[in-house]
Each structure stands twice: as C-alpha cells, then as structure tokens.
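Step one of this worksheet: look at the structure below.
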Amino acid sequence: MPATSSAYESPTTKTFAEFSQRADYSFMDSLQADPQATSDGHDHHPRQVFSGHYVPVTPTAISEPEYIAHSKTLFNELGLSHELAHDTQFRRLFSGDITVAREPMRPVGWATGYALSIYGTEYIQQCPFGTGNGYGDGRAISVFEGLFNGRRWEMQLKGGGPTPYCRGADGRAVLRSSVREFLVQDYMQALGVPTSRSLTLYVSRSETVRRPWYTQDSRSIDPDILVDNPAAITTRVAPSFLRVGQLELFARRARNNEHHDALNELQMIVKHLIARNYQQEINQGLTFTDQVVELAHLFRGRLTSLVANWMRVGYCQGNFNSDNCAAGGFTLDYGPFGFCELFDPRFQPWTGGGDHFSFFNQPVAAEANYQMFWAAIRPLLTDNKEAQARLDQIRDGFAKSMSQELETMWTKKLGLMSYDATLVNELLQLMVLSNVDYTIFFRKLSQIPDQLKVLKESFYVQSSEQIDEQWISWLQRWRDRIKSCGEIRMRSAAMKLINPKYTWREWLIAPAYKKAEQGDYSLIKELQAVFSNPYDEQSSEVQEKYDHLKPKKFFYAGGVSHYSCSS
C-alpha cells in the first residue's frame, strides 16, 4: 500500500510564484527539438516530423474553465497547497493557458512522436501521410517539468488542443473520458499498481466537442449517436512519459538511415530514459553499453510485475500497443480500459480490442511490447557481440520471468506460501463455471470461509449440485493448505491487503460523469473518497452502494459493459 506524504501538514508550495520556481526542464534541455518546428510553439496543424525528440507546441486553452477536482494524494506528495488548485494562474495553466508561465517556466509546451506496433508488428496506416512520421501526441501536451521534494515530475495536459500529430482531429478530450482517467489514476495508485498520476480536472463551461457515443439503454456494440460533450482537460503526472513506441521510432529512423543523426538521437533518448526512470537503480559509473543491458533487465522486471498487478486487481488495459506501454514500467493511457466484474479470461471492454488484448492475454501482449523494446535498443550494441548476447538472453527469459510473477501473484492472492498450479487452475475453471464476480469472490475468499454459501454471494448464477460438490472439495483442500501456512487470522489479513474490497464498476462511474455534465460534481468527489481506500472496510452506506453484483440491466449495455474509444 502506498504511503501518504506528510507534506499535507505543511505544504512547501503555496503560491503559483513558488510553483513556477520548481520548474526544471530536463527533456527540452537534454534532447533535440524538431529542426523544422517553430520556436513560438504555434504548430497546431498535421504535418510530418522527420527528426528531433519533440515539437515545441502551445496548448489551446478551454474557454471558461471551471474546477472539478484535484488529487489530494498527489498534492500532498508534491508538497502543494490544496488552495493552489483554485488559484487563478494555476487553473489557467492546467486548463491550457500557458501564457501565465513565468520564469523559469517556459512559454511553450512539447509534444512527442512515436511509432505504433501491435503484437510486434509496426503499423503506419494510422499516420495520415502513410509514413509513420505523423503519429504521436495528438492531444497530449506536456507543459511543466520540475523538482518536488527531490523527485522529478512531468505534467501533461490531456485534451490540450491539436499538435502536429493530431491527424486532423480537434485535440480535445470530452468530460466523460477525462473523469474516467482522473479517477482511475488515483484509484490505481491506492491499489498499489504503478501508474501515471492525476493532478487536476477542469471543464469548460461553454465549449463542447462532438463525439460518437451510445443512446440511453443502447445494446449496440458500436456508438449509435453523435453527442455534444463538454470539453475538459485533465493533467496527468509521471516521472516521464517516454514510451516503448518512442524508442521504436528512433530505432526505425536509425535502421533506415533516415537522417545523418538518427543513431545519435536513439542513443540520446535511451540515455534520457535511464536518467529519468532508472537513475536510482543503474550505476552511472557503468559503461553506456552495460547501462543499456541493465536497462533491459530492469524494464523486464517492471513490466512483468506491472501486468501481474493488473491481473491481481482485475484490470484490463484494453489496447496494450507499444505506444501505450510506458518505458518506465507503469500504467499509462487510460482510454479503453476496464475492470473485470463477471469473471471471464477473455474480458475486453473495448469494442476495438479483440481477444488479443483481453484480460488473460495481457502477459502475451506485454511480451510483444518487450520484443519491440529489445529490438529498439539492440542497435546501440552493434559493436559489442558479448553485450548483444546478454541482451538477447534477457529477452529470451521474458516468458519465464512473466510466469514467475504470475505464480507469485496467485500465491499471494490465495494466501498460500508456495504456488500450487493444480489448485489455481481448478479454481479458475470453477470461477468461470459459476460466473463469479472477480473482486467480490476474492474478497469473500479472504475471509477463509469454511462454508460454500459465503462464496456463493459472489456468484451471478445459481450453481448446480455437481459444481457445488467440486467447490466444496476445492475449498476443503485450499483450507488445509491455508492451515499449514500459519494462523488463519493472519492469513486472512494478508489476503485482504492483496484483494481489494472496492473495485471500479463502470455502471457506478457513468452516473458521476453524467451528473458532472450538469455541473454536479458530488459523485466524483464521493468516488474519490471510496477509491482512496479500496482495501478498507468502509461505512455501511458505502458498502451498500459500491459492494454488490452488477445489476442485470447493465450487462450488454453500450457505454457500460462495452464502449468505443470515443473520447
């Protein structure tokens, strides 16, 4: 469980002037801008970007921004006064008006290009120019990088207007998707899952954008109506926003010798990745070659651990392409995500995802992304066959590493001391047969019940007598294993720290963003409070509202059980 910062007691940053003094732009200072970019950042139309690590670009402010929420958890960690979220200049900056920037802040933000690969195959069809040189941050613009309590953080607007990578779109985000991303990043942090973080959420009182979505009570797979939504900007925060897809882009340019500095740009971005995300773990005294090999080893460990954590809490990324895979090894880009309620290994909330990005296929998708990571950094070791061999060995060990992480996860989730494949596999089969609710089931199991009726409270359908007999047999064998692991109350307490009490249920989130469209933000704040302590037993009122099975009417409901990426 993540610790909360004591900075809340005495925030060190109380004014916008003090906030601005935290600015420190390692990305723009260490890396190269697109030489064809304008210096003033007025670069908002689709175009090809052939070189450089970023494009200076100014965000486009939403009109009449109104405060909805901020992350108290992150403000505490950064040492920010909670009053800052209501400060006029702070609000203007994080609703897209960078003209408030004061030195040492920069008057421009930056957007980055990256490649797209799906299961190890690079695609350029999404690029309007058919070259891959127009694909990147279409509506994500970083506007601040600085040091807070000794740690470096980058702050990025989601929905901050068009960039050269916008592919002709408006660069905006709707309130619906902004609410979802804002809430889920805080929730994942509270779950103990590595993630980008939420800072603020602002909505325009006058600007709307039109997107496809679902009519009320729709059973359609695809959106069946165009809807005008309030424009909103949520700010996400991370040590960096470097993606596997970025490394791929520079590796492709180097491989194809697209310009004379291509290999150097690849080397620069990898060095920057190490400095931003792995500095504490990689000895700076090592040669660059050895640092690259160590980077591959550490990223493999972070990525396999991340995916095991996703599966522990029932999270499905929905679209785990390489461009949605943070090279720092945390969850990034909350678009078509969802949390598994009715247990199904093939659970996939995004209508465009398919089985290949489904819940239990995430380890395979992760390995494909790691393959692209490996291929992107390997050209840096061309002159050292021994280092290449070590790198290849790390790549070849991905499947084993992933398997070990999953085994450790299932062991802890079941409260065991060692992995038992038979017990786990039998359990998963029974969970499918009985249509269990993933979160409720494991929380009930954490009570270490001796009666099946306790677990049946998590079943969506009534089980047969034959299946009940299988359950009773499994439950008895599992309890025997638990008893051999030590005192049952301690086992139960440990399991409750692994298996959350409260999960993300889309049918409880939808009312929050619908109310927000009418200017009522009460449900957003309520969800913030519930999600801040997902492992705890909360009030009876909270339990009654947030801890029960999904009602039948929400199964197959467009925008709830499944949704497009219209955001």
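The values are calculated or read from the model by the stated rules, or taken from the named source; none is laboratory data. For clarity, every value in this text was computed on a predicted model and none was experimentally measured. Virtual Cβ from ideal backbone geometry, glycine too; neighbours counted across all protein chains shown.
Val55 meets each of the listed conditions (1) touching a Ser or Thr at 6+ places or on another chain (Cβ under 9 Å); (2) surrounded by fewer than 17 Cβ atoms within 10 Å (Cβ to Cβ) apart from (2). Can you list residue pairs whose Cβ atoms sit under 6 Å apart, with the first residue in segment 177-204 being within 14 Å of Gln528 (Cβ to Cβ) and among the basic types (Lys, Arg) and the second being modelled with pLDDT of 95 or more and not in a strand (DSSP E or B)? Count only pairs 6 or more apart in sequence or on different chains. Taking only residues 6 or more apart or on different chains, the pairs are Arg197/Leu74; Arg197/Gln185.
If the condition is being part of a helix (DSSP H, G or I) and surrounded by fewer than 18 Cβ atoms within 10 Å (Cβ to Cβ), then segment 497-516 contributes Trp507, Pro511, Lys514, Lys515. Among the residues of segment 221-265, those that are of a type in the set (S, T, N, Q) and assigned to a strand (DSSP E or B) comprise Asn229, Thr234, Thr235. When the residues of segment 122-146 are filtered to those that are assigned to a loop (DSSP other than H, G, I, E, B) and of a type in the set (Ser, Thr, Tyr), the one that is surrounded by the most Cβ atoms within 10 Å (Cβ to Cβ) is Tyr135.
Being within 20 Å of Leu273 (Cα to Cα), assigned by TED's automatic domain parsing to the domain that holds Ser322 and without any contact (Cβ under 8 Å) to a residue 40 or more places away in the chain narrows it down to one residue among Gln371, Gln388; which is it? That would be Gln388, the only listed residue that is within 20 Å of Leu273 (Cα to Cα), assigned by TED's automatic domain parsing to the domain that holds Ser322 and without any contact (Cβ under 8 Å) to a residue 40 or more places away in the chain. Of all residues in segment 166-177, one or more are under 30 Å from Leu508 (Cβ atoms) and acidic (Asp, Glu).
Checking every residue in segment 467-485 against the condition of being assigned to a helix (DSSP H, G or I), surrounded by 19 or more Cβ atoms within 10 Å (Cβ to Cβ) and of a type in the set (Ser, Thr, Tyr) gives zero matches.
Condition check ((1) more than 30 Å from Gln185 (Cα to Cα); (2) outside the structural domain of Val203 (by TED's automatic domain parsing); (3) hydrophobic (A, V, I, L, M, F, W, C)) across all residues:
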| site | (1), (2), (3) |
| --- | --- |
| Val424 | no, yes, yes |
| Leu430 | yes, yes, yes |
| Tyr460 | no, yes, no |
| Glu465 | yes, yes, no |
| Trp474 | yes, yes, yes |
| Cys485 | yes, yes, yes |
| Lys501 | no, yes, no |
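Residues that are part of a helix (DSSP H, G or I), crowded, with 19+ Cβ neighbours inside 10 Å and either under 25 Å from the mean Cα position of the chain (by Cα) or charged (D, E, K, R) (or both) within segment 409-443 comprise Met409, Trp410, Lys413, Tyr438, Thr439, Ile440, Phe441, Phe442, Arg443, listed in sequence order. Among the residues of segment 214-228, is any under 22 Å from the mean Cα position of the chain (by Cα), of a type in the set (Gly, Ala, Ser) and assigned by TED's automatic domain parsing to the domain that holds Tyr25? Taking every residue of segment 214-228 in turn, none turns out to be under 22 Å from the mean Cα position of the chain (by Cα), of a type in the set (Gly, Ala, Ser) and assigned by TED's automatic domain parsing to the domain that holds Tyr25. Applying the criterion of being in contact (Cβ under 8 Å) with a residue 40 or more places away in the chain and surrounded by fewer than 19 Cβ atoms within 10 Å (Cβ to Cβ) to the residues of segment 272-301, the residue that is nearest to the chain's Cα centre (by Cα) is Gly301. Among the residues making up segment 251-275, those that are within 17 Å of Phe373 (Cα to Cα) and of a type in the set (D, E, K, R) are Arg252, Arg253, Arg255, Glu265, Lys271.
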